[in-house]
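Engineer: Submitted below is the structure of interest, expressed as structure tokens.
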Amino acid sequence: MAQFLLETDLHGLLKLDTPIRNAPAARWQRTTRESGAPGPSPAGGVSPMKPANRSHSFSKTPCRTPGKSGSKIQSTPTKAGGDRYIPNRSTMQLEMANFLLTKENEPAEESPTKKEQQKAWAVNLNGFDIEEAKILRLSGKPQNAPEGYQNNLKVLYSQKVTPGSSRKNGRYIPSMPDRILDAPEIRNDYYLNLIDWSTQNFLAVALDNSVYLWNHASGEIIQLLQMEHPDDYVSSVSWIKEGNYLAVGTSNAEVQLWDIHHQKRLRNMTSHSSRVGSLSWNSYILSSGARTGHIHHHDVRVAEHHVATLAGHTQEVCGLKWSQDGRYLASGGNDNLVNVWPCTQGNSGDFAPVQTFSQHQGAVKAVAWCPWQSNVLATGGGTSDRHIRIWNVCSGTCLSAVDAHSQVCSILWSANYKEFISGHGFAQNQLVIWKYPTMSKVTELRGHTARVLNLTMSPDGATVASAAADETLRLWRCFEMDPIKKKEKEKANNAKSSIIHQSIR
């Protein structure tokens, strides 16, 4: 009988201790209220803008003590630690918990049919497969977002970029020249054009009364010619598009044509009465600008080579350039004018400029046509102007103008980037790369100790050669392409050439 009562009392004790399990939740609620955290809202509701915490909802359920009246409710002791929690391990089902934990680590074995159904349901409900859109994974490489997926938080996160996370996507441009060559006795004359780079990778340089050829591939140097009279000098050089003939202008008003493979002079064309400071090719037509302000067209195929005269300048023509499509010839002179000439004669039989720009306040030597917009022309003024201007030759409007703060001696457009480079004299003697059409500076290249006289570009468009009055030639690899983009460009060019050959056949 005593044993039976003892077991009954123990059983009652265990039941009496059961409500004490809610004590930790009650103490957590009391602690949060004392610390100032919001407690449960009235009428058992959930606080606004806060998720419901369901893990502690059982603490609000009253527990009744066995053997007592239903009107009295078991309350939690006010002092912490007054009662102990004695767990009843027999009701925890440890074996079931061990089985569930073991099953989670095992690979899920689902039939292909069930997986396909789940994938179809996910696509129909969400618009994408959930398994493929997971961002956090315990193992394996992160997967890309599915095609067509749009992140609704993209606008939120892309409104402001912190300075620490922002990166410049610009390419690397070396600030030092790739190579420096000596150019002794190069004439320090702003109005002359003394260097040019051929499509066969030969760099022609006029040094006083001689012309030298430098093979960029092999490094070989060839002296092509030397003037017979010691007082005469070479005033301009220009390669034909194919790169096998070189035109040479001299101080004694001659225009010579040389074959570089045989190193032989083919023709000596005399039509000017003063030195020839600028030359430009348009197929078989060679245009030459002289100190008198006249421009002559020479047809190198015929004996009577002088076929036209352009009279639009009153002073020396120091800038001359045909557009790539051969439609227009741009000329800049010491009279601060820029003339744009058509390739054909007018109704009267004479050549008249289609546009004349007079906004420059100094001599205009730098003239360059945009390679991807045939009607866009860039010009640069001398010391008293120092501005670079972009023109639309069709409408005659000035698209933009920027103060370069230095004498502008030469301009070259890049074929690899939407940029152009300018060479400067007094007082900076630097090269500047400009972004087009924003006209913002990309970088400055410094190293010359005297004014930059001329610029020319390698046939691949990656290297710019600058000749300066400090008697040096510097090669800058400022427009080098990314290898992947370079291969894509070569493939596109090869595809175009194959199409042309097919159409000819």
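Engineer: In the list Val276, Val255, Val211, Val234, which residue meets the criterion of being in contact with a His (Cβ under 8 Å, 6 or more places away or on another chain), in contact (Cβ under 8 Å) with a residue 24 or more places away in the chain and open to solvent by less than 10 Å² (accessible area, probe 1.4 Å)?
Structural biologist: Step by step, each of Val276, Val255, Val211, Val234 is checked, and only Val255 is in contact with a His (Cβ under 8 Å, 6 or more places away or on another chain), in contact (Cβ under 8 Å) with a residue 24 or more places away in the chain and open to solvent by less than 10 Å² (accessible area, probe 1.4 Å).
Engineer: While we're looking at this one, here's another question. Please report, ordered by residue number, the strands (runs of 3 or more DSSP E) entirely within the range 351-411 with at least 2 residues that are under 27 Å from Ala465 (Cβ atoms).
Structural biologist: Per the criteria, 364-369, 376-381, 387-392, 397-403.
Engineer: Check Val354, Val302, Val338, Val393 and return the single one that is touching a Pro at 6+ places or on another chain (Cβ under 6 Å) and farther than 21 Å from Val452 by Cα.
Structural biologist: Val354 is the lone residue from the list that is touching a Pro at 6+ places or on another chain (Cβ under 6 Å) and farther than 21 Å from Val452 by Cα.
Engineer: Out of (1) within 20 Å of Gly319 (Cβ to Cβ); (2) of a type in the set (Gly, Ala, Ser); (3) in contact (Cβ under 8 Å) with a residue 40 or more places away in the chain, what's the single condition that is false for Ser283?
Structural biologist: Ser283 satisfies all of (1) within 20 Å of Gly319 (Cβ to Cβ); (2) of a type in the set (Gly, Ala, Ser); (3) in contact (Cβ under 8 Å) with a residue 40 or more places away in the chain except (1).
Engineer: Only one of these is open to solvent by 20 Å² or more (accessible area, probe 1.4 Å), under 27 Å from the mean Cα position of the chain (by Cα), under 23 Å from Asn282 (Cα atoms) and among the hydrophobic types (A, V, I, L, M, F, W, C): Trp372, Trp391. Name it.
Structural biologist: After applying the criteria, what remains is Trp372.
Engineer: Residues Ser288, Ser236: which one is assigned to a strand (DSSP E or B) and closer than 21 Å to Asn201 by Cα?
Structural biologist: Result: Ser236 is the single residue among Ser288, Ser236 that is assigned to a strand (DSSP E or B) and closer than 21 Å to Asn201 by Cα.
Engineer: Hey, among Ala352, Ala303, Ala290, which residue is loosely packed, with under 14 Cβ neighbours inside 10 Å and aliphatic (A, V, I, L, M)?
Structural biologist: Working: Ala352 fails: loosely packed, with under 14 Cβ neighbours inside 10 Å; Ala290 fails: loosely packed, with under 14 Cβ neighbours inside 10 Å.
After applying the criteria, what remains is Ala303.
Engineer: Here's a follow-up. Answer yes or no: is there a residue in the range 439-450 that is more than 30 Å from Asn244 (Cβ to Cβ), touching a residue at least 12 places away in the same chain (Cβ under 8 Å) and open to solvent by less than 10 Å² (accessible area, probe 1.4 Å).
Structural biologist: Among the residues of the range 439-450, at least one is more than 30 Å from Asn244 (Cβ to Cβ), touching a residue at least 12 places away in the same chain (Cβ under 8 Å) and open to solvent by less than 10 Å² (accessible area, probe 1.4 Å), which makes the answer yes.
Engineer: Hey, another quick one. Taking Gly326 as the residue in question, decide whether it is open to solvent by less than 30 Å² (accessible area, probe 1.4 Å) and part of a loop (DSSP other than H, G, I, E, B).
Structural biologist: Details: open to solvent by less than 30 Å² (accessible area, probe 1.4 Å): yes; part of a loop (DSSP other than H, G, I, E, B): yes.
Here the answer is yes, as Gly326 does meet what is asked.
The values are calculated or read from the model by the stated rules, or taken from the named source; none is laboratory data. Everything quoted here is computed from the prediction, not taken from an experiment. All Cβ positions, glycine included, derive from the backbone under ideal geometry; neighbour counts span all protein chains shown. Please note that ligands, DNA and RNA were not included when accessible areas were found on the heavy atoms of the full protein model with its side chains. Shrake-Rupley method; radii C 1.70, N 1.55, O 1.52, S 1.80 Å.
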